[in-house]
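A.B. asks: Before I ask anything, let me first share the structure, which is written out below as structure tokens.
The values are calculated or read from the model by the stated rules, or taken from the named source; none is laboratory data. Note that this is a predicted model, so its numbers are computed, not measured. Note that we place each Cβ from the backbone using ideal geometry, even for glycine, and neighbour counts take in every protein chain shown.
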Amino acid sequence: MSVNYRTFVLALQDCVTETENVLICQKIDQLFDENQSNPFVVTELLQELLILNTLSYSVENHKFFIIAQASKNGLIRISTTTLLNIFSTYDKSYLLLHTNTIQKSLTNPFSNSLNTLCALRTLKLYINQSTYPTYLNCCLGILNKAPQRPSNESSVLRQTLGTLPLFLPYLTPQQQTYLYHETIKLLQLKNSVVLEAVVAVLTHFSNMTTVNMLDCIELLLTLLSKLLRCKPIGQIQNVSYPFLISNILRLLYNFPSLPKGYELMKDIVERFAHQLTNGITFTILFSCLKCIQKHFPLNMPQLEIFALNTLLASNNSLFHRAYLKIISLSSQYIEHEQPQILKLYLGNDPLTSLEAFKLLLPQSMPIVQLPQNLSTLNEYTKSKFSEASIHFIDKFQQPLNLDSIISILNCFPSKALLNHVADFPLKESPHLISPSNSISQMYCTIHNIKIPFSSEQTTLLLLTLKSESKSSLPLTISSNTISLEMKQRLHEYKSLQTDPS
């Protein structure tokens, strides 16, 4: 930090009144007029302008000077480019100057990478209907020079590729197709940074355009095969280029159809199902299974069963959540795996219970029960359970059983859930569950429901049901401790459960 710059910062800190701030700004204006030919003083003044702009002081008087400095040859001033980016995108009076400056900076894009990167960042702010042809030609010129450049200049290519999606709203279908073909040429490069940018741009093409992209499938599958067989370079959690692999799989999922690629994806599933030690390997496995389910549905069951058995064999809760995530891909599997889903819901891990709760069907748990350790959860996780309870109650066929509503209000009390179920039609049947909190009691008050017995008696009833359904439970209750009214309620409850209607 120079003495002059340090003096400016200290003077700015010592300002107490608005008048003192204005005097400092006037002094900077005077220094600009006196030292425009001195590059060292100009650099300091640009830094001071940047601070003033950050503190909400106007720098409008120096816009032309800043743009002129940005267009000069030599060492780029970072503060100049930062100020250029701060200026309004819709400032049309300066648009021509910006365009000329950007064109000059991009004439030889690989001669000064820092200058080019700053110009590309500024270019993004000024793309519109009138400027996009000029800017697009600048970007295409950089892409055409890419194969002749060394791999250590990947930052310029990545920044250039990052600007391409901004042009798509202004291009005709023919122009979009041409830009797409220019982009896929870069899939031949052997630079992971550039390849990640190319895959990201192609993903934008698949989401935002109607361009026929089937001719790049072969290139993507070849690249994916090379990444899986390459030497352990760029490893994260013992996986080479995991983000690039995952993004390629997601891009393949976006295609309407895949004529080939099943054998490669089968190898990915078999490999990563045995390497599930972290979230990265699961993300790759899950993306691959989604892709197989969409494009090769006839071959999906055998791979899913293989992956699911591998996940359930572990005691790791992360693997159990992975199991639930894969189950969610197919409604058929959700119905078939309900016993296992209910078991995971009643388990010890709260996050696994939450994911299982989202997949449970009403017939698996007509009377809602609390999972273990729910009382120890933080408020955020409890709120997620409350949100999931609204979706769960919507799965019930109306009219609803009153015990189902009261039990879910007892387990997940929230005003949002109460408002949601307040107008649901009810079956005319005896109810056995009593409200245990203010929310469920409010529901009973709204519907003029008489509480049949206390919450302690409800607990006794549920414990009795558990002891009769599971003889292995250590807790048993003698029938002598149950009143005649409770026995009648117990008989009604069993009749209700066995009645097919």
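A.B. asks: Going by the structure shown, is SER440 hydroxyl-bearing (Ser, Thr, Tyr) and not in a helix (DSSP H, G or I)?
C.D. replies: Numbers: hydroxyl-bearing (Ser, Thr, Tyr): yes; not in a helix (DSSP H, G or I): no.
When the stated conditions are applied, SER440 does not pass them.
A.B. asks: Name the residues in region 349-402 that are more than 17 Å from LYS427 (Cα to Cα) and among the charged types (D, E, K, R), would you?
C.D. replies: Across region 349-402, the qualifying residues are ASP349, GLU355, LYS358, GLU379, LYS382, LYS384, GLU387.
A.B. asks: Quick check: anything in region 243-250 at negative phi, buried (at least 19 other Cβ atoms within 10 Å of the Cβ), of a type in the set (Val, Ile, Thr) and assigned to a helix (DSSP H, G or I)?
C.D. replies: Checked against the condition, which is being at negative phi, buried (at least 19 other Cβ atoms within 10 Å of the Cβ), of a type in the set (Val, Ile, Thr) and assigned to a helix (DSSP H, G or I), region 243-250 yields at least one hit.
Residue-by-condition table, conditions (1) out of contact with any Cys (no Cβ under 9 Å at 6 or more places or on another chain); (2) basic (Lys, Arg); (3) surrounded by fewer than 17 Cβ atoms within 10 Å (Cβ to Cβ):
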site: PRO366; (1), (2), (3): yes, no, yes
site: PHE385; (1), (2), (3): no, no, no
site: ASN401; (1), (2), (3): yes, no, no
site: ILE408; (1), (2), (3): yes, no, no
site: PRO413; (1), (2), (3): yes, no, no
site: ASP423; (1), (2), (3): yes, no, yes
site: GLU428; (1), (2), (3): yes, no, yes
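A.B. asks: Given the conditions (1) more than 30 Å from LYS124 (Cα to Cα); (2) modelled with pLDDT of 65 or more, which single one is not true for VAL3?
C.D. replies: Result: VAL3 passes all but (2).
A.B. asks: Another question, if that's okay. Could you list all residues from region 290-322 that are aliphatic (A, V, I, L, M) and either under 19 Å from THR352 (Cβ atoms) or surrounded by fewer than 20 Cβ atoms within 10 Å (Cβ to Cβ) (or both)?
C.D. replies: Residues of region 290-322 aliphatic (A, V, I, L, M): 292, 298, 300, 303, 305, 307-308, 311-313, 318, 322.
The answer is LEU298, MET300, ILE305, ALA307, LEU308, LEU311, LEU312, ALA313, LEU318, ALA322.
A.B. asks: Right, another one. Between a residue in region 27-46 that is within 16 Å of LEU12 (Cβ to Cβ) and any residue that is modelled with pLDDT under 70 and exposed (fewer than 13 other Cβ atoms within 10 Å of the Cβ), which pairs come within a Cβ distance under 8 Å, given they are 6 or more apart or on different chains?
C.D. replies: ASP29/ASN61; GLU44/SER2
A.B. asks: Shifting gears a bit: Out of the residues in region 164-200 that are within 15 Å of VAL211 (Cα to Cα) and part of a loop (DSSP other than H, G, I, E, B), which is nearest to the chain's Cα centre (by Cα)?
C.D. replies: LEU171
Each row is one residue, and each column tells you yes or no for (1) buried (at least 17 other Cβ atoms within 10 Å of the Cβ); (2) modelled with pLDDT of 90 or more.
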{"residue": "TYR178", "(1), (2)": "no, yes"}
{"residue": "VAL193", "(1), (2)": "no, no"}
{"residue": "VAL201", "(1), (2)": "yes, yes"}
{"residue": "ASN207", "(1), (2)": "no, no"}
{"residue": "MET213", "(1), (2)": "yes, no"}
{"residue": "LYS226", "(1), (2)": "no, no"}
{"residue": "ARG229", "(1), (2)": "no, no"}
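A.B. asks: Can LYS343 be described as at pLDDT 80 or above, assigned to a helix (DSSP H, G or I) and surrounded by fewer than 14 Cβ atoms within 10 Å (Cβ to Cβ)? Please lay out each step first, then the result.
C.D. replies: Numbers: at pLDDT 80 or above: yes; assigned to a helix (DSSP H, G or I): yes; surrounded by fewer than 14 Cβ atoms within 10 Å (Cβ to Cβ): yes.
Yes, satisfied.
A.B. asks: Also: Quick one: would you say LYS226 is basic (Lys, Arg), free of Cβ contacts under 8 Å to residues at least 60 places away in the same chain and under 16 Å from LEU187 (Cα atoms)? First the steps, then the outcome.
C.D. replies: Details: basic (Lys, Arg): yes; free of Cβ contacts under 8 Å to residues at least 60 places away in the same chain: yes; under 16 Å from LEU187 (Cα atoms): yes.
The answer is yes for LYS226.
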